[in-house]
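Notes for the one structure printed next.
Bear in mind that the values in this text are calculations on the coordinates, not laboratory data. In this text, all values refer to a predicted model and were calculated from it rather than measured experimentally. FYI the Cβ positions are ideal-geometry reconstructions off the backbone, even for glycines, and counts take in every protein chain you see.
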């Protein structure tokens, strides 16, 4: 019986050691490069987890999403030469993490309700409709396969909507054909620059309908994605879904 006792003792020690073994950390990989000194790292399994922005030239590192957030990479065309304004979207393309100071601090941006490509339609495109996302000249441009363009404002705030500003006065025509004056007061009319995405149709289309059209940072906006020249970054996010997984024999 002694050999059996020794065997059981050995098995018990192995199991106890396994229980107290340090868990293996999830793998980290570069999933996007903006240029030779700026990139995104994803930590997690199956291309899902935490996302970190790194700029080695400016010595900036920022955790945009924690591993527990379960960020999933954006799989459509993604071109991002812009440096001051950084906009990152995820798998569905339904919202954005943004920085307006080269990646030092981060906030959120969203599609503005009622700002879709079709009046009274959806406010944003679904993943299957998206063709590409380009961030250039400190503006974001989301293009659909139908050619519909959603974009953020020009990179400055309208002083009329700042504290102490005059507000923006505009005129509308009522359903009865009468004209009346309206006022967008300071602090109203949407967030600061770069924080709202709307369709070009809703702002400057022939039947434009959103009050963002009266803001100076949405005046004379392009109706197509600007051309990007000499871009040295990646045009898609890349990820190895098998990284860190044990190979089955």
**Asked** Counting DSSP beta bridges with both partners in the chain, what percentage is antiparallel, nearest 5?
**Response** 90 percent
**Prompt:** Distances over 25 Å make up what percent of all Cα-Cα pairs in segment 118-218?
**Reply:** 26 percent
**Prompt:** With a ≥ b ≥ c the root eigenvalues of the C-alpha gyration tensor of the chain, is it rounded (a/c under 1.5), prolate (a/b larger than b/c) or oblate?
**Reply:** prolate
**Asked** Based on the Cβ-Cβ distance of residue 208 and residue 145, what FRET efficiency does E = 1/(1 + (r/R0)^6) give at R0 = 22 Å, to the nearest 0.05?
**Response** 0.45
**Message:** Give me the extension gain from residue 245 to residue 68: residue separation times 0.36 nm, minus the current Cα-Cα distance, reported in nm with one decimal.
**Reply:** 61.9 nm
**Message:** Given the DSSP H assignment, sum -39500 (n - 2.57) over each helix run of at least 4 residues in the chain and divide by its residue total; what's the result at 222 nm in deg cm²/dmol, nearest 500?
**Reply:** -3000 deg cm²/dmol
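At a 10 angstrom cut-off on C-beta neighbours, averaged per residue, how do the peptides 229-236, 168-175 rank from highest to lowest? Mind showing how you got there, number by number?
On the way: 229-236: 12.2, 168-175: 10.2.
Packing order, densest peptide first, comes out as 229-236, 168-175.
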**Item:** Packing rank of 156-165, 128-137, where each peptide gets the mean count of other beta carbons within 10 Å, highest leading
**Value:** 128-137, 156-165
**Prompt:** Quick one: if you stick a label point 7 Å off each Cα along the C-beta vector at residue 29 and residue 105, how many nm between them?
**Reply:** 3.5 nm
**Request:** May I ask for the angle, rounded to the nearest 10°, between helix 2-19 and the longest principal axis of the chain, with both axes built from Cα atoms and the value confined to 0 to 90°?
**Result:** 20 degrees
